[in-house]
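For reference, the structure discussed in these notes is given below.
The values are calculated or read from the model by the stated rules, or taken from the named source; none is laboratory data. As the structure is a computational prediction, the values presented were derived from the model and not from experiment. Every residue, glycine as well, gets a Cβ built from its backbone with ideal geometry; the counts of neighbours run over all protein chains shown. The area values use the complete protein model at the heavy-atom level, side chains included, leaving out ligands, DNA and RNA. Shrake-Rupley method; radii C 1.70, N 1.55, O 1.52, S 1.80 Å.
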Amino acid sequence: MASQNYADRFTRWAVIASGEGGGRIASQFFTRRSNPGIEERIVVMNTNRTDIKNTIQRLEGRFGETDFEDHVVVFGNEEGAGNVFADGERLAEESFDEILRDINTNMGSGADAFMHVATLGGGTGNGSIPYVIRRFKDGVDSTQYEGWMQDIIHAAIGVWPYEDEPPQQQFNAVCGLSRLLRKPDGTQNADMVLLGANSHIAQIDEDDDPRNHPNDAVNERLIEAFDLLVSGGRETQGVIDVQDLISVPSQIGAYHFTPAVATEMNANVYNLEYMFDAAADNAFVPLDVSTTKAAYAIVRAPRSLAEEEITENEVSTAFESWKRDKGIEAPGMSTVSITDDSRNNVDVLLLLGGFDLEPLLDRSWDAYETHKGRLERGRRLGNTSISADQMQRIEENLNEYRRFLEE
Ligand SMILES: Nc1nc2c(ncn2[C@@H]2O[C@H](COP(=O)(O)OP(=O)(O)OP(=O)(O)O)[C@@H](O)[C@H]2O)c(=O)[nH]1
Ligand SMILES: [Mg+2]
């Protein structure tokens, strides 16, 4: 990539959101003046026209007119998937050609990496996103689509339901995680799966305005983490690009991550190791940090600091020593991303990967079993039934992925 212009040296990310929650998370991109690394490459899919309309109205009521509407893709001829992921998947399957075409027309001259966004508690986002990723990974028709469409990196953000949500939502989440990680045949699906749990993210800052819905703070934090991730792949001294994030984790078969973020840390007060600690305390899912199998750190600092105290070397040394201190034996990298912010504040994103999933799944497993039992007893919930064989593969794929983590 030697002779390209400045913009071409960044990873060209695209955001593909599906479902109501996914759409609301992605809607924040339309409230900003610019989206570095993403530009106009945003698609918000839904099966439910009313959901989309509400999201747009709510957004424009707060921020004025946006061009959200130009990025909307409605698929399927049913109003929503009624919390049944098998329905969401079927609708995406039926409309896959249109979805692909609409994605294509929203991508300008192409993209290098997709960030797929879905909540895992519902039917539309959860049903369609793992399916769309799988179809891309299996290869889209090369006679119909441009070269860039064949060879994209697929990362995903999957959002876990609140702890107090009913069994069906928890069941969906467990199945959604399995399907993001693995195709039905047991091979790898997404190149990287970023997890965040609603209850966990919502309690990060107890100063949140209680008049707001906790989703608002959660959605903002998710986008903040994504912004930091994108910033790590920009023209800095050392760069962590998406290729770096996916290659080692995929090789070791542990490619789920969670972001852990600390922002606006005053560099005159705190040292880097303290900042890493603060970030790790704000991980987006419950986890035992010492079980991390791959770890990345992206430190965003104003130029003046990056040249003096927060250099690539300092960050790398501090990160290695922080990992040792936490008992983390994991490959990974660190980088400094520079802002032209005049304040002395530093933002830190840790991407912690391959950690033991037990603390997260523990909260949902009983509910998962409860709902699975209802399905097995033949209670029809939704139009599409999940066959016993499909169900078994979904569960076995997740169990096998977890067994692999223990090795
Ligand atoms: N973080 C976050 N979670 C949300 C938001 N909206 C809904 N959720 C969660 O998402 C799950 C429900 O999924 P939805 O996104 O509403 O469902 P959907 O993808 O539209 O699918 P259907 O409505 O079943 O067609 C629940 O676990 C909610 O707690 C949101 O704006 N932010
Ligand atoms: Mg919905």
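With an 8 Å cut-off on Cα pairs and a minimum separation of 6 or more residues, tell me the relative contact order of the range 253-358 in percent.
This gives 48 percent for the range 253-358.
Estimate the FRET efficiency between residue 205 and residue 143 by the formula 1/(1 + (r/R0)^6), using the beta-carbon distance for r and 41 Å for R0, to the nearest 0.05.
0.20
Provide the net charge surrounding residue 104, with neighbours chosen by a C-beta distance below 13 Å and charges set as Lys +1, Arg +1, Asp -1, Glu -1.
Numbers: positive: 41, 101; negative: 97, 98, 102, 141, 146.
Summing Lys and Arg as +1 and Asp and Glu as -1 gives -3.
For the range 308-314, what does the Karplus curve 6.51 cos²θ - 1.76 cosθ + 1.60, with θ = phi - 60°, yield as ³J(HN,Hα) per residue in whole Hz, taken in order and with x for Gly and Pro?
10, 8, 9, 7, 3, 5, 4
So for the chain, what percent of the C-alpha to C-alpha distances run longer than 34 Å?
Cα-Cα pairs of the chain separated by over 34 Å account for 26 percent.
Using the Cα atoms of the range 158-308 to build a convex hull, what is its mean projected area in square nanometres?
Directional mean of the projected Cα hull area for the range 158-308 stands at 10.8 nm².
Using the Cα centre as the reference, give the magnitude of the dipole from point charges on the C-beta atoms of the chain (Lys, Arg: +1; Asp, Glu: -1; all else neutral), rounded to the nearest 20 debye. List each step's numbers first, then the result.
Numbers: 37 positive and 69 negative charges, 181 e Å.
Dipole about the Cα centre, nearest 20: 860 debye.
Quick one: grab Rg to one decimal and Dmax as a whole number for the range 253-358, Cα atoms only, in Å.
My reading of the Cα-based Rg and Dmax gives 13.3, 42 Å.
With only Lys, Arg, Asp and Glu charged, each at its Cβ (+1 for the first two, -1 for the last two), find how big the charge dipole of the range 12-190 is about the Cα centre; round to the nearest 20 debye. Intermediate results must be reported in sequence, preceding the final value.
Values: 17 positive and 27 negative charges, 95 e Å.
Taking the Cα centre of the range 12-190 as origin, the dipole is about 460 debye.
Which one of 219, 397, 345 has the biggest mean-square fluctuation once the chain is modelled by GNM with Cα springs under 10 Å?
345
Which value in nm describes the separation of the simple spin-label points at residue 317 and residue 50, placed 7 Å from the Cα toward the beta carbon?
Simple spin-label model gives 6.1 nm for this pair.
For a test of the definition: using alpha carbon positions, the gyration tensor, and the 1.5 limit on a/c, classify the range 4-81 as rounded, prolate or oblate.
It is oblate, given that a/c is not under 1.5 and a/b is not larger than b/c.
Take the chain, connect every pair of alpha-carbon atoms lying under 10 Å apart with a spring to form a Gaussian network, then pick out the residue of 160, 13, 322 with the largest mean-square fluctuation.
In the Gaussian network model the winner is 322.
Per residue, how many Å² of accessible area does the chain show with a 1.4 Å probe? Intermediate results must be reported in sequence, preceding the final value.
Details: 17590 Å² over 407 residues.
In whole numbers, the chain has 43 Å² accessible per residue.
Percent of accessible area on the chain owned by carbon and sulfur, 1.4 Å probe?
On the way: 7310 of 17590 Å².
Carbon and sulfur atoms account for 42 percent of the accessible area of the chain.
For the range 154-193, take the convex hull of the Cα atoms, compute a quarter of its surface area, and give me that in nm², please.
Working: hull surface 11.4 nm².
Directional mean of the projected Cα hull area for the range 154-193 stands at 2.9 nm².
Taking every pair of distinct Cα atoms and averaging 1/r, then inverting, what Kirkwood hydrodynamic radius in Å comes out for the range 337-407?
Radius from the Kirkwood sum: 16.1 Å.
On a full-extension model of 0.36 nm per residue, what is the gain between residue 93 and residue 308, subtracting their alpha-carbon distance, rounded to one decimal in nm? Provide the component values of the computation, followed by the final result.
On the way: separation 215, 0.36 × 215 = 77.40 nm, distance 5.32 nm.
Stretched out fully, the residue 93 to residue 308 stretch lengthens by 72.1 nm.
What percent of all Cα-Cα pairs in the range 12-190 falls in each 5 Å bin, counting up from 0?
Over the range 12-190, the share of Cα pairs per 5 Å bin runs 1, 9, 18, 22, 21, 16, 9, 3, 1, 0 percent.
At residue 342 and residue 216, where each label point lies 7 Å from the Cα along Cα→Cβ, what is the point-to-point distance in nanometres?
It works out to 3.0 nm between the two label points.
Relative contact order of the chain, please, whole-number percent, based on alpha carbon pairs below 8 angstrom and at least 6 residues apart.
17 percent
Specify the angular offset, from 0 to 90 degrees and rounded to the nearest 10, of the alpha carbon long axis of helix 124-137 from the longest principal axis of the alpha carbons in the chain.
Result, in degrees: 70.
Where both residues lie in the chain, what percent of DSSP beta bridges are antiparallel, nearest 5?
35 percent
What is the set of long-range amide H partners of residue 42 at a cut-off below 5 Å, with H atoms built 1.01 Å from backbone N?
15
Could you work out how far helix 242-251 tilts from the main Cα principal axis of the chain, as a 0 to 90 degree angle to the nearest 10?
70 degrees
Just how many % of Cα pairs in the range 102-239 lie over 27 Å apart, if you round to the nearest whole percent?
I get 30 percent for the Cα pairs in the range 102-239 exceeding 27 Å.
Which one, 222, 120, 100, has the greatest fluctuation when you compute a Gaussian network model over the chain with C-alpha springs under 10 angstrom?
Of 222, 120, 100, the most mobile in the Gaussian network model is 100.
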